[in-house]
Amino acid sequence: MNKSLEELEKRIEQLEEKLQIYSMAAASAYAQFRFSARGGEYRLNLIKPKTFNEKLMWLRENYWAYNPITYYNMDKYFFKYYSEKLFGKEHSIPLEGVWDKAEDIDFSILPDKFVIKRSLSGGSFEVKICDKKTDDLEKIRRLAASWLADPKRVRARIVAERQLDVLDNGYIYDYKFFVINGKVRFIYVLRNKLGEKRRYHCFYDLDWKKIPVKDYHPYIEEEVKPPVCLNEMINFAAMVGKLFPLMRVDLYVENGKFYLGELTDVSNEGMAPLNPIEFDKKWGSMITLPTDDDIRNSYDYFYSVFPELKTNPVFLRNNLSNYFIVQPNSKDNSLPVPPEPFMQPMKRTGK
């Protein structure tokens, strides 16, 4: 009987290994399809990554997928809690309100100009720039309700922030600092017009000289003026990014002061082919992938600073929207104190 049980357990283990191989193959095929669709001209090697995009994908699967801080970084409300605790409040965009339901939004407590967002969404999606003097507020409420309506998505909240005055000749500039192994290596500039979704891009080095490389976004042909506080932004980005093997630190500038928009762990999901391809190789060579010990030490650091993340991450992910109690329509916008942990950390598996 014991022998039969051992054989069964061994067979289950073999099947699990095969399933993992099939899953990896399927994921690699899908990644290749998307990468090629965006103009990628080479075959991805996710086992021994060398290029910039390959290493981004490797980090997504081997570092970020199990990193406890991911569950704060992904939520626009909880992000404020963890970023202010680690990096201070000086460069945090002021929070104006947060609500579990769109019908609870109290526009009377909001300034004339504000931005509302779905707390769990990426990029410029599910974001609305609002002006109480010209916009139909009930239409905005219905829009916010539509963001929360899909029962198949992880539950989220509506977050309101102060609208920064970042317009420059009608354009909004988003300065994205790539920090690789603790050093800012280059700056990715995105530009769009107010109310438009299409974004244009270009790259600069730290001396603000344009780097002749493009990705799949439309390109900014003319020169972009450097922000007046460029050196301070570089220093801040380096301070933030040193905690990670690679991090994109997204900053906005208002009246000579910069604000932290978000931290992006896997820029463009590792699916932004660089042209010419030599830059994909060159920037990839700058990235030293973390060892298992490096990854373990990184996780232990975040557990020490945020002990509540010792909660099983699967539970935390599935209950993210209910994990902290938020009083809607409250003028007290101080961020919550996390509860004490009550479960052991999920153990990282695989390489």
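The values are calculated or read from the model by the stated rules, or taken from the named source; none is laboratory data. These figures come from a predicted structure and were not determined experimentally. For neighbour counting, all protein chains shown are included, and Cβ atoms are generated from backbone atoms with ideal geometry for every residue, glycine included.
Residue by residue, here is whether (1) among the hydrophobic types (A, V, I, L, M, F, W, C); (2) loosely packed, with under 13 Cβ neighbours inside 10 Å holds:
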| position | (1), (2) |
| --- | --- |
| 270 | no, no |
| 274 | yes, no |
| 278 | no, yes |
| 285 | no, yes |
| 294 | no, no |
| 297 | no, yes |
| 303 | no, no |
Query raised in the report: Regarding residue 242, is this residue closer than 22 Å to residue 165 by Cβ, modelled with pLDDT under 95 and of a type in the set (Lys, Arg)?
Result: no
Query - Members of the range 262-279 found to be touching an Asp or Glu at 6+ places or on another chain (Cβ under 9 Å), at negative phi and assigned to a helix (DSSP H, G or I), listed by number - result: 277
Query raised in the report: residue 200: without any contact (Cβ under 8 Å) to a residue 24 or more places away in the chain and surrounded by 15 or more Cβ atoms within 10 Å (Cβ to Cβ), yes or no?
Result: yes
Query raised in the report: If you take the residues in the range 89-129 that are under 13 Å from residue 161 (Cβ atoms) and among the small types (Gly, Ala, Ser), which one is nearest to the chain's Cα centre (by Cα)?
Result: 119
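So that you can scan it fast, the table gives a plain yes or no per residue for (1) within 21 Å of residue 154 (Cβ to Cβ); (2) touching a residue at least 24 places away in the same chain (Cβ under 8 Å):
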site	(1), (2)
105	yes, yes
108	no, no
113	no, yes
120	yes, yes
127	yes, no
133	no, no
Requested in this report: Inspect the range 288-300 for any residue being over 25 Å from residue 68 (Cβ atoms) and basic (Lys, Arg) and give the result as yes or no.
Outcome: no
Report summary line: Note on the range 181-228: residues outside any strand (DSSP E or B) and closer than 30 Å to residue 294 by Cα are 181, 182, 205, 206
Query raised in the report: For the range 125-180, how many residues are basic (Lys, Arg), under 26 Å from residue 71 (Cα atoms) and assigned to a loop (DSSP other than H, G, I, E, B)?
Result: 4
Report task. Residues being at pLDDT below 90 and either within 18 Å of residue 174 (Cβ to Cβ) or of a type outside the set (Ser, Thr, Tyr) (or both): count how many of those fall in the range 110-127. Result -> 8
